[in-house]
Amino acid sequence: MSTTVAIARHGRTPWHADHRYVGSSDIPIDEVGRRQARELAGWAREFAPSALFCSPLRRTRQTMEPVVAAVGVEATVDPRLREVDFGIGEGRTLDEVDEEVARRFRADPVTDHFPGGEDPREAAERAVEWVVEVGRGHEGRRVLAVAHGTLIRLVLCSALGIPLKEYRRAMPAVRSVGLTLLRVDGERIAMEGFNVPPVPGRMD
């Protein structure tokens with residue numbers, strides 16, 4: 001039996017409102033993000049997951065808080081769900097990064113990821129490992145995680161056979177608390193939904 005794994009992006013932060021790279025920086029969600037977290041909790045109550053997971057970063061834990069209260073399940077913090085570290089890009093917009101670095105990043109954000117940051121290939125590997133492990137451990141059930149935009153796009157590229165360097169082009173935006181719905185069967189990962197708004201009654 002397959003497992004349904006829903007991965008929501010965290011609620012909005014002040015840096016995301018300004019289109020700044022947040023990455024490993026531990027920035028809290030803002031008032032809009034708190035409202036979005038409550039919306040996610042309303043959807044989660046109906047989704048009725050048997051397990052909850054989030055990254056160690058504060059913005060995912062804060063987004064998860066109303067979900068825990070809504071479904072009555074404690075969340076497990078897993079470091080494999082943390083966002084990609086953007087190195088020198090942390091706290092900056094792309095326009096504020098050195099022009100040559102930004103040009104190379106736009107052309108290939110994997111081979112030419114931000115200096116000092118994490119290799120997206122390694123981030124994709126740890127995140128896919130988590131998806132497969134959770135799928136096997138919760139076979140036939142539903143799981144909800146709160147994670148991060150770039151990590152979600154890397155998982156999808158890996159699962160769908162899209163070159164990782166295309167993650168920005170293939171999936172230009174992940175909305176705050178937007179849901180990615182995966183069907184996991186062994187090591188096979190299929191996408192059932194992307195950027196799905198957390199509206200009660202809507203599961204795809």
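The values are calculated or read from the model by the stated rules, or taken from the named source; none is laboratory data. The model shown is predicted, which means the values in this text are computed figures rather than measured ones. Virtual Cβ from ideal backbone geometry, glycine too; neighbours counted across all protein chains shown. Heads up: the accessible areas ignore ligands, DNA and RNA and are worked out on the full protein's heavy atoms, side chains in. Shrake-Rupley method; radii C 1.70, N 1.55, O 1.52, S 1.80 Å.
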Could you please put Met1, Met171 in sequence from largest to smallest accessible area, using a 1.4 Å probe?
Met1, Met171
Pairing the Cα long axis of helix 31-47 with the longest principal axis of the chain, what angle in degrees results, from 0 to 90 and rounded to the nearest 10?
40
Rounded to two decimals, the Debye log10 I(q)/I(0) of the range 79-168 (Cα scatterers, no solvent) at q = 0.18, 0.20 Å⁻¹ is -0.80, -0.94
Along the principal axes of its C-alpha atoms, what lengths does the range 117-204 span, in descending order and rounded to whole Å?
36, 27, 21
Given H placed 1.01 Å from N in the peptide plane, which residues other than close sequence neighbours of Val146 have an amide H under 5 Å from its amide H?
Ala8, Phe53, Cys54, Ser55
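Where does each of Asp85, Asp95 land when they are ordered by accessible area, with a 1.4 Å probe and the largest first? Present the calculation step by step, with values, prior to reporting the outcome.
Details: Asp85 50, Asp95 130 Å².
Order by accessible area, largest first: Asp95, Asp85.
Sort Ile189, Ile88 from largest to smallest accessible area, using a 1.4 Å probe on the heavy atoms of the protein chains. Intermediate values should be presented prior to the final figure.
Numbers: Ile189 25, Ile88 65 Å².
Per-residue accessible area, sorted high to low, gives Ile88, Ile189.
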So, R0 is 35 Å and r is the distance between the beta-carbons of Met1 and Asp119; what FRET efficiency does that work out to, to 0.05?
0.50
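Pairs of Cα atoms under 8 Å, at least six residues apart: use those to get the relative contact order of the range 91-204, whole percent.
Details: 107 pairs, mean separation 23.4, N = 114.
Computed over the range 91-204, the figure is 20 percent.
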Note to self, the chain gives a 222 nm [θ] from helices alone (DSSP H runs n ≥ 4, -39500 (n - 2.57) apiece, / all residues, nearest 500) of -11500 deg cm²/dmol
Farthest toward positive dipole pole in the range 1-154 [+1 Lys/Arg, -1 Asp/Glu at C-beta], among Ala127, Gly33, Val71:
Val71
Compute the accessible area per residue over the chain, keeping the other protein chains in place, probe 1.4 Å, unit Å².
45
Rounded to the nearest 10 degrees, the helix 58-71 long axis (Cα) sits at an angle to the longest Cα principal axis of the chain of 10
To the nearest 10 degrees, the tilt of helix 149-160 (Cα long axis) against the first principal axis of the alpha carbons of the chain is 80
Can you give the Rg to Rh ratio for the chain, taking only C-alpha atoms and Rh from Kirkwood?
0.95
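Step by step: find N for the range 67-117, compute 2.2 N^0.38 Å, then divide the Cα radius of gyration by it. What's the final number?
Cα Rg divided by the expected 2.2 N^0.38 Å: 1.69.
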Here, Asp112 and Leu160, labelled 7 Å along Cα→Cβ, have an inter-label distance in nm of 2.5
Using a 1.4 Å probe, how large is the accessible area of Arg136, given in Å² and rounded to the nearest 10?
140
Kindly provide the Kirkwood hydrodynamic radius of the range 1-88 in Å, to one decimal, from all pairs of distinct alpha carbon atoms.
13.5
Alpha carbon centre of the range 135-204 versus the range 1-40: separation in Å?
14
Would you work out what percent of the accessible area of the chain, with all protein chains in place, is carbon or sulfur (probe 1.4 Å)?
47
